[in-house]
Every structure is written in C-alpha cells, then in structure tokens.
1. Name the residue that is nearest to L160 (Cα to Cα), counting only residues in the stretch 87-113 that are acidic (D, E) and not in a helix (DSSP H, G or I).
2. If a residue must be closer than 30 Å to E100 by Cβ and either modelled with pLDDT under 95 or out of contact with any helix residue (DSSP H, G or I) (no Cβ under 6 Å at 6 or more places or on another chain) (or both), how many such residues does the stretch 121-156 contain?
3. Looking at the structure I just gave you, is N44 modelled with pLDDT of 95 or more and among the polar types (S, T, N, Q)?
4. Determine whether E52 is closer than 20 Å to M165 by Cβ and out of contact with any strand residue (DSSP E or B) (no Cβ under 9 Å at 6 or more places or on another chain).
5. Filter the stretch 137-163 down to the residues that are aliphatic (A, V, I, L, M) and in contact with a Leu (Cβ under 6 Å, 6 or more places away or on another chain) and list them by number.
6. Among the candidates K78, K95, single out the residue that is modelled with pLDDT of 95 or more, open to solvent by 70 Å² or more (accessible area, probe 1.4 Å) and not hydrophobic (A, V, I, L, M, F, W, C).
7. If Y45 passes every condition in (1) open to solvent by 80 Å² or more (accessible area, probe 1.4 Å); (2) over 29 Å from the mean Cα position of the chain (by Cα); (3) not hydrophobic (A, V, I, L, M, F, W, C) but one, which one does it miss?
Amino acid sequence: MKTLRTKILWGYGASWFIVAVILALAIVLLLRLGRASDAILQENYRSILAAEKMINDIERQDSGVLLILLHFQDLGLKEFRDSEVNFLQWLGRAKDNITEPGEQELVEGIEQNYTDYLHEFSEMRLLNDTDHDRAVSFYHDRVLPRFRTVRDTCIKLQSLNHEAMYASSKRARRLAAQAIPFISLIGAAAIIIGVSFSLFLSRLISRPVIELQNAVSEL
C-alpha cells in the first residue's frame, strides 16, 4: 500500500510540475510581449509627437511671416512668436528622447537649421521696415528655403520613429508566433504524459481488485 501511494504521489507530482512549467513559460512569453509593446509606445511615440508638433509650429511660423509681408505686422509677429515658444519646447522634448540610431543627427540638424531660420527672419524684418520688395525677395531666397529644411528634417525624424515603431511591432508579432507552437508542443507533451499516467494508474489500482475477484471466484 505504501508503494502504491508513493507511485501515485510521484505521478501526480510530475503532472503538476509539467503544468507549472507550462504556466511559467507562458507568463514569461507574455511578459516579453508586454515589454515589446511598452517599447513601441514609450520609445517612439514621444519622438513622433514632438516631430508632428514641430511641423505644425514651423508651418504656423511661416504663416506668420506671410502675414508680416502682407502688412499685418502685429498679428503676424504674435503668430510667429507664439509658435516659436511651442517649437522650442517640443524640440527640447525631442532632444531628451533620442532612442534610435541616426536620431541624434536629425535633432541636431533641426536645432541648427531652426537657429539659422530665426536669424534669417530677423534680417527679413529689418529689411521689411525699409524696403518691402527686397524683404519679399529675401523671404523667397533665404527664409523660405530654411523653413523647408527645418520642416523636412522634422518629417524625417517622424518617419524614422514610425519605421522603428513598425519594426518593434514586427518583433512583437514574431515573438507571439514563436510562442504559440512552443507552448502547444509542451501542452501536447503534458497531455500525453497525463493520459499515459492515468492508464498506468488505472492498471495499477485495478490489478489488485482483479486478483481479489479471481481469488473469490476460485473460493
């Protein structure tokens, strides 16, 4: 009886151990998927948002410049300065959230070209006070190209992080695809072992009963 009890305990213990291993592996894989998803949201979303806001602000500044050239000085200057403050704030956030290869160079390019853009704008304003036609020409020759450079570099920053986000998403999907057959294989092994143990246990328990029945029949 003691031997039978020991075999039963060992058999059930092995089955529960396999189940525990499967659960542990499933938890680990789910945690890895969760970390991959967090990386997608945390590492790239801030940079994408910062780039999008900078694009909006630099475009509003260009609208402010055009208002100034159309002789709406106060309205245009207010639009320009308000957007300048916002742009610099989002640029600071982009500088604090550099995570991808090549992102540092893009952010530095935005900062340098934006500084040059502000300098060109100041020159245009001074020129506009004395010679409006020359100020308009200066805008087309110097200010507008600098604006486009800043905007295009912001778009590149946005695209870089979009691509990184897509790559992280692919990694998460690949990890999920790898997890499914792995867990299925271990689960199938657990089922086979459980069924085999059940058959062994049923034979182990029924054998003494059958022997007892035979003995009774003989008597």
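1. The selected residue is E100.
2. Step one: of the stretch 121-156, the residues closer than 30 Å to E100 by Cβ are 144-156.
With the extra rule that they be either modelled with pLDDT under 95 or out of contact with any helix residue (DSSP H, G or I) (no Cβ under 6 Å at 6 or more places or on another chain) (or both), the set shrinks to 144-145, 148, 152, 155.
Count: 5.
3. Criteria not met by N44.
4. So E52 fits the description; yes.
5. Here is the first cut: in the stretch 137-163, the residues aliphatic (A, V, I, L, M) are 143-144, 150, 155, 157, 160.
Scanning the stretch 137-163 gives a single hit, L157.
6. Working: K95 fails: modelled with pLDDT of 95 or more.
Answer to the selection: K78.
7. The one condition Y45 does not meet is (2).
The values are calculated or read from the model by the stated rules, or taken from the named source; none is laboratory data. Small disclaimer: the values here were computed from a predicted structure and weren't measured. So basically every Cβ, Gly included, is an ideal-geometry build from the backbone, and we count neighbours across all protein chains shown. Quick note on the areas: whole protein, heavy atoms, side chains included, nothing else; ligands and nucleic acids left out. Shrake-Rupley method; radii C 1.70, N 1.55, O 1.52, S 1.80 Å.
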